[in-house]
Amino acid sequence: MNITTDLNYIRKMGTKRENENWQFRTFLKKLDMPSRDIDAIVHRINEEVTSKIDCTECANCCKEIYMSMDQAEIVDFADGLNISAEQLITQYLVKNKEEPSKMKIAELPCPFLKNNKCTNYNHRPKDCRSYPHLHKKDFIFRLFGVISNYGRCPIVFNVYEQLKKELWQ
Ligand code: SF4
């Protein structure tokens, strides 16, 4: 499998192939295949793509996505920084309107990213650990997020393109 990691190219394709990506979503939704079988294909492709991409060469999610934390994660994240949860909230977080039980990073790039690496890696929240979420179940029900991440995450870009090749083209 050929892997593309050029973020400029991936961004351009995110715009250029937007219609195509939605059409492929429609195709996947109508595909006569159990969701768990589609998951198995996605997980296999994801493992191969992930093994060929070095996230520290990219770190684009930390530059373009406002990661969220719940209260327990705020306490743990602050602990890792040796500051209080209140200080973390005041200096770095804002309310997350989409998920009112959580707060999110106030500014991008993430202020805890240094030289493309997380300076609080062992205390990072679930959102960061799980991104770009392609190892999870029910891929078919999370395609909106997949398409919105296609133009900014090389892993998502390559997995979605390989999936098109295997199932569609
Ligand atoms: S998860 Fe995607 S966007 Fe984030 S660093 Fe890895 S390849 Fe880049």
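For the chain, averaging the sequence separation of C-alpha pairs within contact (under 8 Å, six or more residues apart) and dividing by the residue count gives a relative contact order of 39 percent. Put simply, the amide H of residue 142, placed in the peptide plane, has no neighbours under 5 Å, leaving out anything fewer than 5 places away on its chain.
Helix 154-167 axis versus longest C-alpha principal axis of the chain: approximately 20°, rounded to the nearest ten.
Charges were assigned to the Cβ only: +1 to each Lys and Arg, -1 to each Asp and Glu. The resulting dipole of the chain about its Cα centre is roughly 420 debye. Within straight-line reach of residue 63, meaning a Cα separation under 13 Å, sit the following aspartates and glutamates at least 8 residues removed in sequence or on another chain: 107. Relative to the current alpha-carbon distance between residue 144 and residue 25, full extension at 0.36 nm per residue lengthens the span by 42.0 nm. Put +1 on the Cβ of each Lys and Arg and -1 on the Cβ of each Asp and Glu in segment 66-124; which of 116, 72, 84 then has its Cα farthest toward the positive end of the dipole? Going by the charge dipole, the pick is 116.
What the phi angles of segment 48-56 give under the Karplus curve with 6.51, -1.76 and 1.60, with θ = phi - 60°, is a coupling list of 5, 5, 4, 5, 9, 10, 9, 4, 6 Hz, glycine and proline written as x. In terms of surrounding Cβ atoms within a 10 Å radius of their Cβ, 156, 49 rank from fewest to most as 49, 156. Amide hydrogen proximity for residue 93: with H placed 1.01 Å from N in the peptide plane, the residues at 5 or more positions away or on another chain lying under 5 Å are 106. Note that the chain shows a convex hull volume over its alpha carbon atoms of 125 Å³ per residue. Karplus-derived 3J(HN,Hα) values for segment 100-116, using 6.51 cos²θ - 1.76 cosθ + 1.60 with θ = phi - 60°, are x, 7, 10, 10, 10, 4, 6, 9, 10, x, 3, x, 9, 8, 9, 6, 6 Hz; glycine and proline are entered as x.
Of the trypsin sites (Lys or Arg not before Pro) found in segment 59-128, the ones in coil according to DSSP and having at most 15 other Cβ atoms within 10 Å of their Cβ are 97. The amide H of residue 116, built 1.01 Å from its N in the peptide plane, has no neighbour under 5 Å, considering only residues 5 or more places off or on other chains.
Quick note: the coordinates plus some simple rules give every number you see, no bench work behind them. Because the structure is a prediction, the values reported are computed rather than measured. Because the Cβ atoms are built from the backbone with ideal geometry, glycine has one as well, and the counts that use them run over all protein chains shown.
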